[in-house]
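The next block holds one structure in the form of structure tokens; read it before the comments.
The values are calculated or read from the model by the stated rules, or taken from the named source; none is laboratory data. Given the structure is predicted, the values throughout are model-derived calculations rather than measurements. Cβ coordinates were reconstructed from backbone atoms using ideal geometry, including for glycine residues, and neighbour counts include every protein chain displayed. Note: areas computed on protein heavy atoms with side chains; ligands, DNA, RNA excluded. Shrake-Rupley method; radii C 1.70, N 1.55, O 1.52, S 1.80 Å.
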Amino acid sequence: MPVNVTTEQFYDALADDYSRAVTRCVPRYNEMLSSLFSYLPNGFAPVRILELGCGSGNLTLELCRRFPGICIDAIDLSGELLKIARARTNTVAVNFLKEDFRCLDLSAASYDLVISSI
């Protein structure tokens, strides 16, 4: 890969192998994803969730499974990863947005939960 690659270009190039790479390179990755939910209060029932850096949709799928019927805005810088995440989730409950989350300007009351992994 060339030296002057943007973050977007890096993740676009890695997109096809991203899920496999993250589970191979991050020890106990699936356990880490599950443990994120242990930090939420018992009975927590969000309506709107913002997921920062959704990648290929691993956490997105888990959010959909744990909170059926919610609305998720899933943001990633990589258009290629968003295509994969969209195909994997296959639901209208998730709005995929190609954005740099460092530049978001949201009101504090926009979401019930803001979440990210890695």
* Which one of 90, 78, 104 has its Cα pushed farthest toward the positive end of the charge dipole of region 77-118, where Lys and Arg give +1 and Asp and Glu give -1 at the Cβ? -> 90
* Dipole magnitude (debye, nearest 20) for the chain, charges at Cβ of Lys, Arg, Asp, Glu -> 380
* **Integer Hz, Karplus 6.51/-1.76/1.60 couplings in order for region 90-107, x for Gly and Pro** => 6, 9, 7, 6, 10, 9, 8, 10, 8, 9, 9, 5, 5, 10, 5, 10, 10, 6
* Asked: In region 1-66, what percent of the accessible surface is made up of carbon and sulfur (1.4 Å probe, ligands and nucleic acids excluded)?
  -> 54
* For residue 77, enumerate residues with amide H under 5 Å from its amide H, sequence gap 5+ or separate chain, H modeled in the peptide plane. => 99
* What residues have an amide H closer than 5 Å to that of residue 113, excluding those fewer than 5 places away on the same chain, when H is modeled at 1.01 Å from N in the peptide plane? -> 48, 50
* Cα atoms only, the chain: Rg and Dmax in Å? -> 14.4, 48
